[in-house]
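Inspection log for the structure reproduced underneath, given as structure tokens.
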Amino acid sequence: MTDLTGKAAIITGASRGIGAAAARELATQGASVVLAARSHGEINAIAEEIRDQGGRAESVVCDVSHYRDLAKVIETCQRDFGSVDILVNNAGVIDPIARLADSDPDHWDKVVDINLKGVYHGLRAAIPVMQEQGSGVIVNISSGAATGALEGWSHYCATKAAVFSLTRCADKEYRNHGIRVVGLSPGTVATDMQISIKSSGINPVSQLDPSVHIPADWPARAIAWLCTEDAAEFAGTDFSIKNDEGRRRVGLID
Ligand code: NAP
């Protein structure tokens with residue numbers, strides 16, 4: 001049983017896909033949630049839906065590539081819910097998919113701003129608050145691309161590899177301060193990102209039949225589980241639900 005009653009959680013990239021599913025799951029497990037993303041209407045609607053079902057939720061417009069936006073999200077969570085117990089650094093992009101020689105340097109740079117610096121901004125804003133509290137869990141959404149190379153994904157692979165490094169650095173620095181930092185490698189998930197990947201036609205992932213993708217509520221349940229003490233042994237690693245072993249551990253399969 002994943003019980004997060006009394007916890008206050010922030011989810012970035014909560015307007016759709018894995019982030020939206022994670023916000024709903026964490027709220028179902030009793031957490032108060034702050035949904036952060038650029039799409040104001042979407043995060044507002046999901047927060048309202050959670051409140052209608054008896055949960056506690058707020059939404060804050062946030063572009064993770066700006067540190068001040070993350071700082072505002074942390075402030076809102078502290079002000080409205082009294083603490084910051086969980087941060088899910090989920091916001092991420094893969095577009096535009098292009099081989100290196102065809103890539104646009106400005107677009108490449110923007111992906112670094114979101115996928116890598118966005119996670120750094122979340123860590124930087126949340127850790128002092130969690131240090132003060134003496135506790136906290138941060139889940140960084142990783143990918144098989146953190147350790148594997150794929151054509152057309154140089155921006156994505158490089159940033160996810162760097163996020164894995166951030167997970168390990170943060171764990172090394174703050175494990176002894178009561179802060180747990182862990183990555184989640186979800187495998188392929190049926191979200192808009194996979195629609196984009198399919199339409200690119202570049203690399204073997206784009207050739208996958210959509211039926212092999214797992215639903216977004218699987219990584220959402222894994223995120224909720226990673227926030228519990230049961231998952232403590234995975235601090236500083238990328239926990240994977242690509243295989244049966246990880247899925248079984250979370251309780252996704254028997
Ligand atoms: P998605 O459906 O495209 O959703 C991406 C989310 O990120 C949206 O909520 C989007 O919200 C948000 N986002 C993008 N740029 C942002 C920014 N600058 N500031 C704040 N939020 C931003 O993708 P997804 O599949 O759910 O991906 C979620 C995470 O899982 C990503 O980190 C991705 O790399 C990772 N992942 C996905 C898969 C997969 O197969 N789908 C596999 C491995 C890892 P706004 O546009 O409203 O800002």
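Among 14, 222, 71, the largest mean-square fluctuation in a Gaussian network model of the chain (Cα springs under 10 Å) belongs to 71. Once you order the gyration tensor axes a ≥ b ≥ c over the Cα atoms, which shape class does the range 143-219 get: rounded for a/c under 1.5, otherwise prolate or oblate by comparing a/b with b/c? Taking the square roots of the gyration eigenvalues as a ≥ b ≥ c, the range 143-219 is oblate.
Can you order the peptides 142-151, 196-205 by their average number of other Cβ atoms within 10 Å per residue, highest first? Could the numbers behind the result be given before it?
Working: 142-151: 18.6, 196-205: 15.3.
Most protected by this proxy first, the peptides run 142-151, 196-205.
Which residue, 13, 54, 187, has the most motion in a Gaussian network model of the chain that connects Cα atoms within less than 10 Å? Among 13, 54, 187, the largest GNM mean-square fluctuation belongs to 54. In order along the range 68-83, phi translates into HN-Hα couplings of 4, 5, 5, 4, 5, 5, 4, 4, 4, 5, 5, 5, 7, 10, x, 6 Hz, rounded to whole numbers, per the Karplus curve 6.51 cos²θ - 1.76 cosθ + 1.60 with θ = phi - 60° and x for Gly and Pro. Inter-label distance, residue 203 to residue 80: 3.5 nm, where each label sits 7 Å from its Cα along the C-beta direction.
Would you mind getting the accessible area per residue of the range 58-115, heavy atoms of the protein chains only, 1.4 Å probe, in Å²? Walk me through the numbers on the way to the answer.
On the way: 2800 Å² over 58 residues.
With all protein chains present, the range 58-115 gives 48 Å² per residue.
The share of accessible area on the range 165-216 that comes from carbon and sulfur is 54 percent, using a 1.4 angstrom probe. For residue 242, a cut-off of 20 angstrom between C-alpha atoms picks up these lysines, skipping any fewer than 8 places away in its own chain: 160, 198.
What FRET efficiency comes out for residue 131 versus residue 68 if R0 is 22 angstrom and r is the Cβ-Cβ distance? Round to the nearest 0.05.
Numbers: r = 20 Å, r/R0 = 0.92.
Between residue 131 and residue 68 the formula returns 0.60.
Once you have a ≥ b ≥ c as the square roots of the Cα gyration tensor eigenvalues for the chain, tell me rounded if a/c is under 1.5, and otherwise prolate or oblate according to whether a/b is larger than b/c. Rounded is the answer for the chain, as its axis ratio a/c remains below 1.5.
Hey, with R₀ at 25 Å, roughly what FRET efficiency would residue 248 and residue 49 work out to, going by the Cβ-Cβ distance, to 0.05?
On the way: r = 31 Å, r/R0 = 1.22.
E(calc), rounded to 0.05, equals 0.25.
Angle of helix 217-226 to the longest C-alpha principal axis of the chain, folded into 0 to 90 degrees and rounded to 10: 50°.
Applying 1/(1 + (r/R0)^6) with R0 = 30 Å to the Cβ-Cβ distance of residue 149 and residue 38, what FRET efficiency is obtained, to the nearest 0.05? Don't skip to the end; give the middle numbers.
Details: r = 29 Å, r/R0 = 0.97.
Efficiency for this residue pair is about 0.55.
Between the range 5-83 and the range 223-254, how many Å separate their Cα centres? Computed from Cα coordinates, the inter-centre distance equals 22 Å. Computed 3J(HN,Hα) for the range 100-110, one whole-Hz value per residue from the Karplus formula 6.51 cos²θ - 1.76 cosθ + 1.60 where θ = phi - 60°, is 3, 5, 9, 6, 9, x, 5, 5, 4, 4, 5, glycine and proline marked x. Along the range 126-134 the Karplus relation, 6.51 cos²θ - 1.76 cosθ + 1.60 evaluated at θ = phi - 60°, assigns HN-Hα couplings of 8, 4, x, 5, 5, 4, 4, 6, x Hz to successive residues, with x for each Gly and Pro. Taking every protein chain into account, the accessible area of the range 130-254 amounts to 45 square angstrom per residue (probe 1.4 Å).
Considering helices alone, the calculated mean residue ellipticity of the chain at 222 nm is -13500 deg cm²/dmol, with DSSP H runs of length four and up weighted by -39500 (n - 2.57) and normalised per residue. Model label points for residue 100 and residue 173, set 7 angstrom from Cα along the Cα-to-Cβ axis, are 2.9 nm apart. Radius of gyration (Cα atoms) of the range 6-53, expressed as a multiple of 2.2 N^0.38 Å: 0.98.
Across all Cα atoms of the range 1-144, the radius of gyration (one decimal) and Dmax (whole number) stand at 15.3, 51 Å.
If you fit an axis through the alpha-carbon atoms of helix 154-174 and take the longest principal axis of the Cα set of the chain, what angle between them do you get, 0 to 90°, nearest 10? Rounded to the nearest ten degrees, it is 30.
The values are calculated or read from the model by the stated rules, or taken from the named source; none is laboratory data. These numbers come from a predicted model, not from an experiment. Using ideal geometry, Cβ is built from the backbone for each residue, glycine included, and neighbour counts are taken over all protein chains shown. Just the protein is used for accessible areas: all its heavy atoms, side chains included, with ligands, DNA and RNA removed. Shrake-Rupley method; radii C 1.70, N 1.55, O 1.52, S 1.80 Å.
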